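The values are calculated or read from the model by the stated rules, or taken from the named source; none is laboratory data. This one's a predicted model, so the numbers in the text were calculated from it and none came from an experiment. Quick reminder, even Gly has a Cβ in these numbers, built from the backbone with ideal geometry, and neighbours come from all protein chains shown. Keep in mind that these areas ignore ligands, DNA and RNA; they rest on the heavy atoms of the full protein, side chains included. Shrake-Rupley method; radii C 1.70, N 1.55, O 1.52, S 1.80 Å.
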Amino acid sequence: MEWKKYYESNLTDAKEAVKLIKSGDFVVFSHAAGEPEVLINAMVDNASEYRDVTISHMVSMGKNEYVNEKYKDNFKYNGWFLSGGIRKALDEGRAEFTPVFFHEIPSLIRNGLFKVDVALVTVSKPDKHGFCSLGVSCDYTVQAVKKAKIVIAEVNDKMPYVYGDTVIHTSEIDKFVESSREIYESPVIPIREIEEEIGKNCASLIEDGSTLQLGIGGIPNAVLAQLKNKNHLGIHSEMISDGVVDLYEAGVIDCSEKTIDRGKMVVTFLMGTKKLYDFVDRNPMVEMRTVDYVNHPVVIAKSSKLICINSCMQVDFLGQIVADTIGIRQFSGVGGQVDFMRGAAMALDERAKAIIAMPSVAVKKDGRKISKIVPFIDQGAAVTTSRHDVDYVVTEYGIARLKGKSTKERARALIEIAHPQFKEELKVQFAERFKCEY
Ligand code: COA
């Protein structure tokens with residue numbers, strides 16, 4: 001019962017806890033649904049006490065007030081992935097972005113290339129042995145806790161207790177702040193007709209017994225919705241959302257044919273609604289592992305019949321994938337896209353498939369359509385997945401398999417699955433680019 005005494009004597013309120021942050025410190029948050037809102041709000045309220053506190057994290061679901069112009073002398077921001085609130089600050093020169101493969105973050109923290117003085121995290125209530133779960137955010141958060149000089153935890157009674165590397169002991173935490181706010185939710189977006197078609201095309205590539213990785217964005221749920229008639233699917237994925245719960249309950253996902261971590265869904269973070277958070281709570285079927293395990297291409301490569309599905313902004317005639325920038329504008333980050341594309345390419349089981357699934361067009365706010373299949377990527381855009389790693393590209397119009405194809409053959413295969421409105425123009429551009437008829 002010693003841990004209880006330790007817990008009681010270090011229990012404080014958020015206002016007091018954030019006084020442990022000092023000017024010049026590097027502060028890392030648990031991210032996505034694991035964002036410690038109560039601690040972040042208190043830190044922002046205490047802004048006038050700090051100068052040059054650098055903040056880093058991956059996905060953000062909160063208000064991101066720390067990037068506001070008025071806090072420019074108090075906080076600096078250096079993101080590893082960008083979400084809505086931060087993009088504007090980066091555009092306006094008030095934030096920085098560091099490109100990094102998701103699986104590398106724990107090792108960069110370990111070797112000091114990413115500095116962590118203070119870790120702000122959300123945890124579940126401690127169990128009777130004094131262990132808390134980092135719940136929905138395991139990824140780099142575990143390593144941040146281990147490296148930080150000071151760990152401040154928001155102990156939230158709504159945070160699910162998820163098993164795996166995510167379980168840490170109260171003795172690893174310096175200050176506890178109790179809260180009972182709702183965990184951030186990512187609403188389920190209704191599936192439109194285009195996504196339904198993309199989902200069907202992806203489903204046609206998925207065999208019974210496959211192990212799935214599903215990326216971020218609107219496509220994953222559309223794919224899951226098309227898998228109701230499959231059997232013995234498994235999960236080894238950076239993240240999962242609500243669609244996985246439906247398939248588990250329908251008996252489609254049982255992880256029985258996985259070659260690694262058989263019988264378990266292995267993930268590194270969770271982003272969904274309360275339905276997902278209730279499902280993962282003390283569920284031995286779900287194992288959270290750190291991102292340097294889940295996303296390591298060498299680990300991924302050991303999965304049988306691996307299917308990786310990620311999305312993108314643009315693909316050019318060569319098969320270069322732009323997923324995290326729009327022109328010179330940083331939109332998100334590489335996340336785990338290349339980790340999984342590489343893992344699939346290296347897979348011991350040659351039935352592995354790396355899929356980039358996307359609508360054939362992006363629709364701008366004024367209703368204008370833009371083809372996502374282009375002869376050249378936009379000026380200033382960064383290639384996320386190289387033409388050497390790319391394999392299947394899927395739109396609502398079909399499937400283009402690019403591996404083994406020459407550049408001209410790739411361009412033809414991609415034009416075949418482009419939006420009809422752009423096909424003729426793309427064929428003209430093909431003739432110009434390759435100096436031959438389409
Ligand atoms: N040109 C201009 N704008 C484009 C565009 C293009 N070619 N393609 C998309 N856009 C715009 C959309 O119009 C939309 O704009 P809006 O926010 O104003 O509505 C925005 O970009 C996002 O597009 P959308 O299709 O809604 O994105 P999504 O939520 O499905 O996510 C990615 C797609 C590519 C952004 C997302 O998958 C990503 O960040 N990928 C990189 C990381 C990754 O793959 N991780 C995998 C493991 S989790």
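Considering segment 329-347 alone, what residues qualify as being of a type in the set (A, V, I, L, M) and away from the ligand (no atom under 12 Å from the Cβ)? Please lay out each step first, then the result.
As a first pass, look at segment 329-347 and keep what is of a type in the set (A, V, I, L, M): 334, 338, 341, 344-347.
Residues satisfying the conditions are ALA344, ALA345, MET346, ALA347.
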Kindly list, by first and then second residue, each pair from a residue in segment 388-415 that is under 29 Å from GLU193 (Cβ atoms) and open to solvent by 60 Å² or more (accessible area, probe 1.4 Å) to a residue that is part of a helix (DSSP H, G or I) and not small (Gly, Ala, Ser), limited to pairs with Cβ atoms under 7 Å and residues at least 6 apart or on different chains. ILE399/ASN201
Quick check on segment 305-320: of everything there that is of a type in the set (Val, Ile, Thr) and closer than 24 Å to GLY234 by Cα, which residue is farthest from the ligand (Cβ to nearest atom)? ILE307
Residue count, segment 327-344 (criterion: within 15 Å of MET239 (Cα to Cα) and among the hydroxyl-bearing types (Ser, Thr, Tyr)): 0
Against the definition (assigned to a helix (DSSP H, G or I) and not aliphatic (A, V, I, L, M)), how does ARG87 come out, yes or no? yes
I need a count of the residues in segment 14-32 that are farther than 14 Å from ALA144 by Cα and either at pLDDT below 95 or touching a strand residue (DSSP E or B) at 6+ places or on another chain (Cβ under 6 Å) (or both). 5
Scan segment 324-359 residue by residue and report those that are crowded, with 24+ Cβ neighbours inside 10 Å and in contact with a Lys or Arg (Cβ under 6 Å, 6 or more places away or on another chain). MET358
I'm trying to understand the selection: among the residues of segment 8-40, which are crowded, with 18+ Cβ neighbours inside 10 Å, in a helix (DSSP H, G or I) and touching a helix residue (DSSP H, G or I) at 6+ places or on another chain (Cβ under 8 Å)? ALA14, ALA17, VAL18, ALA33, GLY34, VAL38, LEU39, ILE40
Among the numbered criteria (1) surrounded by fewer than 20 Cβ atoms within 10 Å (Cβ to Cβ); (2) touching a helix residue (DSSP H, G or I) at 6+ places or on another chain (Cβ under 6 Å); (3) more than 29 Å from THR325 (Cα to Cα), which one does TYR71 miss? (3)
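Are there helices (runs of 4 or more DSSP H) fully within segment 199-311 with at least 1 residues that are basic (Lys, Arg), out of contact with any His (no Cβ under 6 Å at 6 or more places or on another chain) and over 21 Å from SER60 (Cβ atoms)? List them. Let's see the steps before the verdict.
Numbers: elements: 219-224, 242-249, 274-280, 291-294, 297-300.
The helices (runs of 4 or more DSSP H) meeting that bar are 274-280.
With at pLDDT 95 or above, open to solvent by less than 30 Å² (accessible area, probe 1.4 Å), more than 30 Å from ALA413 (Cβ to Cβ) and away from the ligand (no atom under 14 Å from the Cβ) as the only criterion, which of VAL299, VAL267 stands out? Let's see the steps before the verdict.
Values: VAL267 fails: away from the ligand (no atom under 14 Å from the Cβ).
That would be VAL299, the only listed residue that is at pLDDT 95 or above, open to solvent by less than 30 Å² (accessible area, probe 1.4 Å), more than 30 Å from ALA413 (Cβ to Cβ) and away from the ligand (no atom under 14 Å from the Cβ).
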If you check ASP254 against the conditions, is it touching a Phe, Trp or Tyr at 6+ places or on another chain (Cβ under 9 Å) and surrounded by fewer than 24 Cβ atoms within 10 Å (Cβ to Cβ)? yes
When only residues in segment 200-219 that are surrounded by fewer than 22 Cβ atoms within 10 Å (Cβ to Cβ) and within 16 Å of the ligand (Cβ to nearest atom) count, which is modelled with the lowest pLDDT? GLY217
Pairs returned, first residue in segment 367-387 that is of a type in the set (Asp, Glu), second residue that is open to solvent by 50 Å² or more (accessible area, probe 1.4 Å), beta-carbon separation under 8 angstrom, 6 or more apart or interchain, are ASP378/ILE326
Please indicate, with yes or no, whether at least one residue in segment 228-240 is crowded, with 17+ Cβ neighbours inside 10 Å, within 14 Å of the ligand (Cβ to nearest atom), in the same structural domain as SER332 (by TED's automatic domain parsing) and among the hydroxyl-bearing types (Ser, Thr, Tyr). yes
Checking the structure you have, find out if any residue of segment 378-392 is assigned to a loop (DSSP other than H, G, I, E, B), more than 15 Å from the ligand (Cβ to nearest atom) and at positive phi. no
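Would you check if MET313 is closer than 23 Å to GLU424 by Cα, modelled with pLDDT of 95 or more and open to solvent by less than 20 Å² (accessible area, probe 1.4 Å)? I'd like the intermediate steps shown before the answer.
Details: closer than 23 Å to GLU424 by Cα: yes; modelled with pLDDT of 95 or more: yes; open to solvent by less than 20 Å² (accessible area, probe 1.4 Å): no.
No.
Only residues that are of a type in the set (Lys, Arg) and within 8 Å of the ligand (Cβ to nearest atom): list them for segment 348-375, please.
Taking segment 348-375 first, the residues of a type in the set (Lys, Arg) are 351, 353, 364-365, 368-369, 372.
Selection gives LYS364, LYS365, LYS372.
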